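Read-outs throughout are calculated quantities, based only on the coordinates presented, and are distinct from any laboratory measurement. Source: prediction; values computed, not measured. As a convention, Cβ positions derive from the backbone with ideal geometry for all residues, glycine included, and neighbour counts pool all protein chains shown.
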Amino acid sequence: MQTIAQALLVLEITDSKIALGTVVMLQFLPITIFVLFAGVIADRVPKREFIIGTRAIAMVQAIILTALVWSGAVELWHVYVLALMLGLSNAFEQPARQAFVMEMVGREDVSNAVALNSGMFNAARLIGPGIGGFVIAAVGVKGAFLINSLTFIPIMAALLLMDTSKLFTPERRKNIGNPLTELRDGLAYVYRTPAAMYIVIMLVFVGTFGFNFMVMLPLINRYMLGGGPIELGFLMGALGLGAVCSALVLARQERATQQTLFVGGVCFSAFIGAVALSQWYAVTLIALLLTGFASTAFQATANTSMQLTAPDHLRGRVMALYMLLFAGSTPIGGFLTGYMAEHLGVPAAVGICAALSGFGVLLGFLYYVLHRERIPSIASEPVPA
């Protein structure tokens, strides 16, 4: 709901495509700058307690934004600053949360867990915008921001009620080196490991130009389809529904495969292209449903591959790089999408993003073919450090 309410709030204040892209850029810019160092921290500290601390910061951000909107004093610079604050919290939380999945379920079930994790994330993206659209239509963005603030209470309770004795916690390292040296070791491992490197190549393009839904969908809804908040809620809901269906299918599979990864990436790019060409609301809904399905197939399989490739003592740093490419590249892509939409039109901007995403999948596939003998199946044991 915050995603929809924040986008509509910015457009209401400024009616500027660039301003919307700037908010997204500021929200994800801290991930770009700090997430790799956050991965070093994630490999050093108890992950659950660290996640609780970062979520507390995000809760404070949500409460401040709610208070400003309800008081009527909110200005664009407030949204900018609070988006940056949320980005800082997410930058340090995400590597720890990604690596925490393995500690919760162990190696044997990580593929199913990652798929279910994607399902939970996208279920929120399905339910939240759908409800948010009706809430905003009925009482304005105030109600959406207020409910968003309250939702942090069950999140904190769930983390605090975990039985830590059941976790698959790796042995803590005793010899901790210089943070920059540890960061270099993590990046060097990925560079030397083809099983991780071909994922990185694809994520550079798909993460930058494909996963810009927070910029794309409000622009598509307003400038291509002429819709309001309810229509935007259904567009995001269709994307989320497709992602949830995909997660449920993947969670039933015994293992993830490279075929799922490449087919998901190709279909994801193709369906974004279909959205760029569509001028009809019903067709766009169907295309977004399929985009969501392909997106989760690609995203969950890439995540599983990176989790299983990384040794325990490097997993935080490897997943930090994954998050840098998955979300940290969004500031660049979000700003470029808004800039292209301002000067070339929304359909052209979305179409260019689709083409660049497809190009990245092609490059990753070519790298995979050239190094295939050194890339084990995704379900294999991690490559030695």
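Most exposed first by the Cβ proxy, i.e. fewest other Cβ within 10 Å, how do K166, K142 rank?
Values: K166 9, K142 17.
By the 10 Å Cβ count, ascending, the order reads K166, K142.
Just want the answer: with Cβ charges of +1 for Lys and Arg and -1 for Asp and Glu, which residue in L203, C245, L187 is farthest toward the dipole's positive end in the stretch 167-259?
L187
In degrees from 0 to 90, rounded to the nearest 10, what is the angle of the helix 76-105 Cα long axis to the longest principal axis of the chain?
30
Once the mean 1/r over all distinct Cα pairs of the chain is inverted, what Kirkwood radius in angstroms do you read off?
Details: mean 1/r = 0.0476 Å⁻¹.
That comes to 21.0 Å for the chain.
Quick one: order Y189, Y223 by neighbouring beta-carbon count within 10 Å, fewest to most.
With the fewest neighbours first, Y189, Y223 line up as Y223, Y189.
Are there GluC sites (Glu not before Pro) in the stretch 58-134 that DSSP puts in a loop and that have at most 15 other Cβ atoms within 10 Å, and which ones?
Those satisfying the criteria are E75, E108.
With springs only between Cα atoms under 10 Å, which of G72, G240, G87 fluctuates most in a Gaussian network model of the chain?
Largest GNM mean-square fluctuation: G72.
If you take every residue apart from V346 with its C-beta less than 12 Å away from the C-beta of V346, what net charge results, scoring Lys and Arg +1 and Asp and Glu -1?
Surrounding charge for V346 is +1.
Which of rounded, prolate or oblate describes the stretch 137-295 when judged by the alpha-carbon gyration tensor and an a/c cut-off of 1.5?
oblate
Using label points projected 7 Å from each Cα along Cα→Cβ, tell me how many nm separate Q259 and A157, to one decimal.
4.5
Taking the chain as a Gaussian network, Cα atoms linked when under 10 Å apart, which of A195, A238, A124 shows the biggest mean-square fluctuation?
A124
Hey, got the dipole for the stretch 138-297? About the Cα centre, +1 on K and R Cβ, -1 on D and E Cβ, debye to the nearest 20? All intermediate terms of the calculation are to be shown ahead of the outcome.
Numbers: 10 positive and 6 negative charges, 55 e Å.
Charge dipole, the stretch 138-297, about its Cα centre: 260 debye, nearest 20.
Under the classification rounded if a/c is under 1.5, otherwise prolate if a/b is larger than b/c and oblate if not, where does the stretch 259-349 fall, given a ≥ b ≥ c as square roots of the Cα gyration tensor eigenvalues?
Oblate is the answer for the stretch 259-349, as a/c is 1.5 or above yet b/c matches or exceeds a/b.
Please report, in debye to the nearest 20, how large the charge dipole of the chain is about its Cα centre when each Lys and Arg carries +1 at its beta carbon and each Asp and Glu carries -1 there.
With Lys and Arg at +1 and Asp and Glu at -1, about 440 debye.
Under a Cβ-Cβ cut-off of 10 Å, what is the net charge of the residues other than L11 that fall near it, where Lys and Arg count +1 and Asp and Glu count -1?
0
Under a cut-off of 15 Å between alpha-carbon atoms, report the aspartates and glutamates in cross-link reach of K17, not counting same-chain residues fewer than 8 places apart.
In chain and number order, the partners are E342.
Could you state the number of Å between the C-alpha centres of the stretch 181-258 and the stretch 83-118?
14
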